[in-house]
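Following: one structure in structure tokens, then a few remarks.
The values are calculated or read from the model by the stated rules, or taken from the named source; none is laboratory data. These numbers were taken from a predicted model, which means no experiment stands behind them. No Cβ is skipped: glycine too gets one built from the backbone with ideal geometry, and neighbour counts run over all protein chains shown.
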């Protein structure tokens, strides 16, 4: 097992302990849905640049690539009955392994 | 030297008993495990016939040998090349009891001692396998065994702390192995 793989496994183990359950819904056909666990963060004062770009109350969802290989703009993530529409998706890596999608939804 | 046939260790790491592709790693992990056991206990457990131990400034009624268990003492000679024969040996403790309390500038002891392949007792094998497995994992992960991870941070998600690890040499000997090896530590009676 490579060092990067073992880091990824350790991160996924931590992720599973800290994450929250949501439902992902694909915007395009076939409009697939899947129950997954994600990291959920409301942007705060340290994220001023992101707030300037995406508005107060913008959120970052962290999604495991192993759960959803591709997430697109306008997909929906539903948490506790509230649906968030995906605005931007950015990749996060461990070494050269694509491990997470950083999914940003707009605030106000 | 391996404490068990190499086929046994191949199977332990998930290979066929005839698969020699990782013998070098197995030998490295095993040598390291035996060395860590020796450091922890201040004793050598692998068999050596005619092994020499030299002690300096020996005084008192007893002398604890490093190689264990001792089958026999071939010879014991002081710094003036006089044979020392007034003693008896506690084979199960590896301790020489001098009949008359002695004082030696230097003492050279030649012994037949240690466990041969396949003769290691079950409890020592449990301790050995704990360390061997950890060393194999370290080899497979490029030196980063999972047991050494103190905390994991996933950006924008959080941090999980697994508790601090002991940076002393003891951290290379897992707790179960330490519990077992404590009974084998060399000591002066």
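What are the residues in region B:91-110 that are touching a residue at least 60 places away in the same chain (Cβ under 8 Å) and part of a strand (DSSP E or B), if any?
In the first step, residues of region B:91-110 are kept if they are touching a residue at least 60 places away in the same chain (Cβ under 8 Å); the result is B:93-95, B:97, B:110.
Result: B:95, B:97, B:110.
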Per the filter on region A:13-57, residues within 12 Å of chain B (Cβ to nearest Cβ), surrounded by 15 or more Cβ atoms within 10 Å (Cβ to Cβ) and closer than 20 Å to residue A:83 by Cα are A:19, A:37, A:38, A:39, A:40, A:41, A:43
The condition of being within 14 Å of chain A (Cβ to nearest Cβ), modelled with pLDDT of 80 or more and either closer than 26 Å to residue B:12 by Cα or surrounded by fewer than 18 Cβ atoms within 10 Å (Cβ to Cβ) (or both) holds, among B:153, B:108, B:141, only for B:153
For region A:63-108, how many residues meet the condition of being under 18 Å from residue A:47 (Cβ atoms), loosely packed, with under 15 Cβ neighbours inside 10 Å and over 12 Å from the mean Cα position of the chain (by Cα)? 1
Where the second residue is in a loop (DSSP other than H, G, I, E, B) and modelled with pLDDT under 65 and the first is farther than 15 Å from residue B:24 by Cα and lies in region B:133-147, which pairs have Cβ atoms under 6 Å and are six or more apart or on separate chains? B:134/B:145; B:141/A:1
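Kindly indicate which of B:21, B:59, B:75 is modelled with pLDDT under 90 and over 14 Å from the mean Cα position of the chain (by Cα).
After ruling out the rest, the residue left standing is B:59.
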Filter region B:156-173 down to residues that are modelled with pLDDT under 75 and assigned to a loop (DSSP other than H, G, I, E, B) and give me whichever is nearest to the other protein chains (Cβ to nearest Cβ). B:162
Here the residues within region B:111-128 that are within 15 Å of the chain's Cα centre (by Cα) and either in a strand (DSSP E or B) or surrounded by 18 or more Cβ atoms within 10 Å (Cβ to Cβ) (or both) are B:113, B:114, B:115, B:120, B:124, B:127, B:128
Check residue A:70 against each of (1) in a strand (DSSP E or B); (2) more than 12 Å from every other protein chain (Cβ to nearest Cβ); (3) without any contact (Cβ under 8 Å) to a residue 12 or more places away in the chain and name the one condition it does not meet. (1)
Please count how many residues of region A:87-108 are closer than 12 Å to residue A:73 by Cβ and either in contact with a helix residue (DSSP H, G or I) (Cβ under 6 Å, 6 or more places away or on another chain) or more than 14 Å from chain B (Cβ to nearest Cβ) (or both). 3
